[in-house]
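The structure under discussion appears below in the form of structure tokens.
Derivation of every value follows stated rules applied to the coordinates shown; laboratory data play no part. Here the structure is a predicted model, which is why all the values come from computation and not from measurement. Every residue, glycine as well, gets a Cβ built from its backbone with ideal geometry; the counts of neighbours run over all protein chains shown.
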Amino acid sequence: MDLINQLKKNGYRVTISREIICKILEESGHEHFTADNLFKLARKYSKEIDLATIYRTFELLEDLNIIEHSHQAHSSGIYYLKEAITSTHIACDNCNNIEDISNKTTNKINELITKDTGYKIEKNHFVYSGRCKKCK
């Protein structure tokens, strides 16, 4: 996914800060980020970048349908490259580890919801929480 070209194609300036953020997101693959942890990574490339720029860039990329975010109870949003119609995660309340729930599992849950409600699920914005195997 070439995020820089998508910004240009949509008429947005590609600042050094945006370039750094996009590079980190592209190189991360399917990793999940909070604004704070992306900020720490971005500062390794440039001391000029600030947290407000991270949030503004996240908002822009979300408006362009490139990334999504979810919220775990009482914590910052987690941001990730948009992968599919549904992106469901599970987060550890103890160590804050975040993992994807497979589309196979998500599809089964969606089928149950459709059966119970009659709704056709088109997307979700969902994070389960609990304790991971390591923190049990």
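Here, the chain has an Rg and a Dmax of 16.5, 52 Å when only alpha carbons are counted. Across the range 84-136, the volume of the C-alpha convex hull divided among the residues equals 84 Å³ per residue. First measure r as the distance between the Cβ atoms of Y119 and S76, then evaluate 1/(1 + (r/R0)^6) with R0 = 30 Å and state the FRET efficiency to the nearest 0.05. Given R0 = 30 Å and the Cβ-Cβ separation, E is 0.55. For K133, a cut-off of 26 angstrom between C-alpha atoms picks up these lysines, skipping any fewer than 8 places away in its own chain: K104, K108. Of all DSSP bridge pairs formed entirely within the chain, close to 65 percent run antiparallel.
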